[in-house]
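First up is the structure itself, then whatever we jot down about it.
Coordinate-derived values only; no laboratory data. Remember, it's a predicted structure, so these values are computed and weren't measured experimentally. Neighbour counts run over all protein chains shown; Cβ positions are idealised from the backbone, glycine included.
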């Protein structure tokens with residue numbers, strides 16, 4: 001398995017508020033916040049991860065690996081104290097996703 005990205009060390013600009021990336025970022029942040037309240041095997045956590053996977057597929061289809069990396073950077077920067085946990089959740093949700101840690 002590749003080493004975790006240290007995306008929090010990178011600086012990025014926010015996407016335009018009406019862009020698909022901004023909507024994906026907002027959706028993923030909300031899903032991650034909700035998921036963190038549950039044990040990983042809880043039905044709700046699994047459902048949230050399934051939706052995260054769908055968002056990841058949509059982003060990968062339009063922007064590829066660069067867009068996934070960009071979102072990870074933004075998500076890590078949104079709450080650095082939760083960055084590693086959130087990246088681990090995304091790793092689980094995005095396992096085998098085209099463009100993700102290939």
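The table that follows gives values for the structure above.
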| read-out | value |
| --- | --- |
| Residue count for region 15-34, restricted to those that are closer than 16 Å to residue 87 by Cα and within 12 Å of the chain's Cα centre (by Cα) | 10 |
| Residue count for region 59-79, restricted to those that are surrounded by fewer than 16 Cβ atoms within 10 Å (Cβ to Cβ) and over 13 Å from residue 29 (Cα atoms) | 5 |
